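Structure first, then comments.
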Amino acid sequence: MVELTLGNQTVKIDAGELVSYKKEDYEVIHQKGSPGWRNADTEMFPIIGPTNEASFKVETPKGIGLQDQHGLLREMDYALEKQSATKAVFIKEYVPGEEVKNSKYPQKSDIEFLSWPYTFSFSKEFNLTDSGLEIQFKIKGEKGMPFMLGYHPAFKLYSKDIKVKTATKTITLPEILAVGSRALPVLDCDTIILEDKNNVTIKAEGFKNFMLWTEVSNMLCIEPISFYPYAVSQNKLHTGFKIQEQTEEIFKVYISVV
């Protein structure tokens with residue numbers, strides 16, 4: 001367990017997973033073991049969304065990638081690269097065609113191994129600052145690699161009367177629950193405020209969209225995404241790809257408590 005501390009803020013990271021972020025005694029992150037979801041956060045890469053209706057195959061310029069829901073990155077282990085009192089960096093590396101064991105097989109999936117026809121390294125950096133927690137994702141890969149990126153943190157809810165606010169709308173918990181497993185899209189948006197016992201601001205750079213998901217009243221996933229996958233059929237998922245234009249692509253998420 002990696003712990004970061006700055007003033008009245010503390011962060012706990014377990015093998016790259018953000019399992020706690022507290023400001024004073026206010027816990028921001030959904031606690032593992034509580035109803036709703038077995039994780040606290042994860043990443044969706046190189047695809048977002050389900051693939052079972054497309055036989056787990058995703059089209060790329062270099063051939064077919066075998067991907068289960070939300071991609072193979074979450075099936076890989078992070079290695080701790082750097083650590084200080086306020087900063088920690090974790091990394092995953094992949095070589096083309098390497099088979100990655102699918103943890104959903106055979107109970108929840110028909111595909112045993114996942115693969116991707118491109119090489120990449122993926123780093124996740126936590127940086128605790130006076131204004132909050134910054135999480136930076138750095139993708140190093142070959143130019144022309146197609147990908148989607150989504151960050152999937154779960155936030156603890158203290159009330160059923162929470163509100164999710166953007167610059168143009170207010171969304172309630174019943175509205176999110178009504179959408180179910182598809183998740184509610186919030187497009188062309190870079191900042192969301194979760195109004196609860198305290199207010200939590202989630203600001204994203206590089207993603208351009210969010211989606212909101214929960215099936216319980218004690219937790220809410222507020223997910224920055226590069227593409228909303230349910231906008232297309234699963235065999236057209238490749239139409240939502242970003243293309244790696246630089247050898248290094250950077251995305252950021254800022255979480256702050258007021």
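For the pairs LYS57/LYS165; LYS82/LYS163; LYS12/LYS57; LYS22/LYS242; LYS57/LYS169; LYS32/LYS108, flag any whose C-alpha to C-alpha distance is greater than 31 Å. Mind dumping the intermediate values first?
Working: LYS57/LYS165 36 Å; LYS82/LYS163 37 Å; LYS12/LYS57 36 Å; LYS22/LYS242 34 Å; LYS57/LYS169 36 Å; LYS32/LYS108 21 Å.
Violating the 31 Å limit, Cα to Cα: LYS57/LYS165; LYS82/LYS163; LYS12/LYS57; LYS22/LYS242; LYS57/LYS169.
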Requested in this report: For LYS104, list the aspartates and glutamates whose Cα falls under 12 Å from its own Cα; do not include residues on the same chain fewer than 8 positions away.
Outcome: ASP68, GLU75, GLU112
**Report entry** Debye, to nearest 20: dipole size of the chain, +1 on Lys, Arg Cβ, -1 on Asp, Glu Cβ
**Finding:** 300
Query raised in the report: Rounded, prolate or oblate: which fits region 38-106, taking a ≥ b ≥ c as square roots of the Cα gyration tensor eigenvalues, rounded meaning a/c under 1.5, else prolate when a/b beats b/c?
Result: prolate
Query raised in the report: Which whole-number percent gives the relative contact order of the chain, counting Cα pairs below 8 Å spaced six or more residues apart?
Result: 20
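Considering only DSSP states other than H, G, I, E and B, which GluC sites (Glu not before Pro) in region 7-45 qualify as loop sites with at most 16 other Cβ atoms within 10 Å? Don't skip to the end; give the middle numbers.
Values: sites: GLU17, GLU24, GLU27, GLU43; in loops: GLU24.
Taking region 7-45 and a limit of 16 other Cβ atoms within 10 Å, the loop GluC sites (Glu not before Pro) found are GLU24.
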Query raised in the report: Counting Lys and Arg as +1 and Asp and Glu as -1, what is the net charge of the other residues whose Cβ lies under 13 Å from the Cβ of THR168?
Result: 0
Query raised in the report: Got a number for the accessible area of MET219? Probe 1.4 Å, square angstrom, nearest 10.
Result: 0
**Report entry** Charge dipole (debye, nearest 20) of region 1-140; +1 at Cβ of Lys and Arg, -1 at Cβ of Asp and Glu
**Finding:** 80
Report summary line: Given 190-202, 160-172, the highest-first ranking by average Cβ count within 10 Å works out to 190-202, 160-172
Requested in this report: Subtracting the Cα-Cα distance from 0.36 nm times the residue separation, let me have the gained length for LYS57 to GLU175 in nm, one decimal.
Outcome: 39.3 nm
Requested in this report: Using Cα centres only, tell me the gap between region 7-40 and region 152-207 in whole Å.
Outcome: 18
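Given a 1.4 Å probe and every protein chain left where it sits, what share in percent of the accessible area of the chain is carbon and sulfur?
On the way: 5330 of 11760 Å².
Ligands and nucleic acids excluded, carbon and sulfur reach 45 percent.
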Query raised in the report: Say the dipole of the chain comes from +1 at the beta carbon of Lys and Arg and -1 at that of Asp and Glu; which of MET145, LEU237, MET44 then lies farthest toward its positive end?
Result: LEU237
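If R0 is 30 Å, what FRET efficiency do you get for ASN218 and THR247 from their C-beta distance, rounded to 0.05? If you can, show how the numbers build up before the last one.
Values: r = 42 Å, r/R0 = 1.40.
My answer for the efficiency is 0.10.
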**Report entry** Full-stretch length increase - ASN198, SER115 - with 0.36 nm per residue and alpha-carbon distance subtracted
**Finding:** 25.7 nm
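If you keep only loop residues by DSSP, which chymotrypsin sites (Phe, Trp or Tyr not before Pro) in region 142-240 have at most 13 other Cβ atoms within 10 Å of their Cβ? Intermediate values should be presented prior to the final figure.
Values: sites: PHE147, TYR151, PHE155, TYR158, PHE207, PHE210, TRP213, PHE227, TYR230; in loops: TYR158, PHE207, PHE227.
Here the sparse-neighbourhood loop sites are TYR158.
The values are calculated or read from the model by the stated rules, or taken from the named source; none is laboratory data. What you see is a predicted model, and the numbers here were worked out from it, not measured in a lab. Glycine gets a Cβ as well: all are built from the backbone with ideal geometry, and neighbour counts include every protein chain shown. Just the protein is used for accessible areas: all its heavy atoms, side chains included, with ligands, DNA and RNA removed. Shrake-Rupley method; radii C 1.70, N 1.55, O 1.52, S 1.80 Å.
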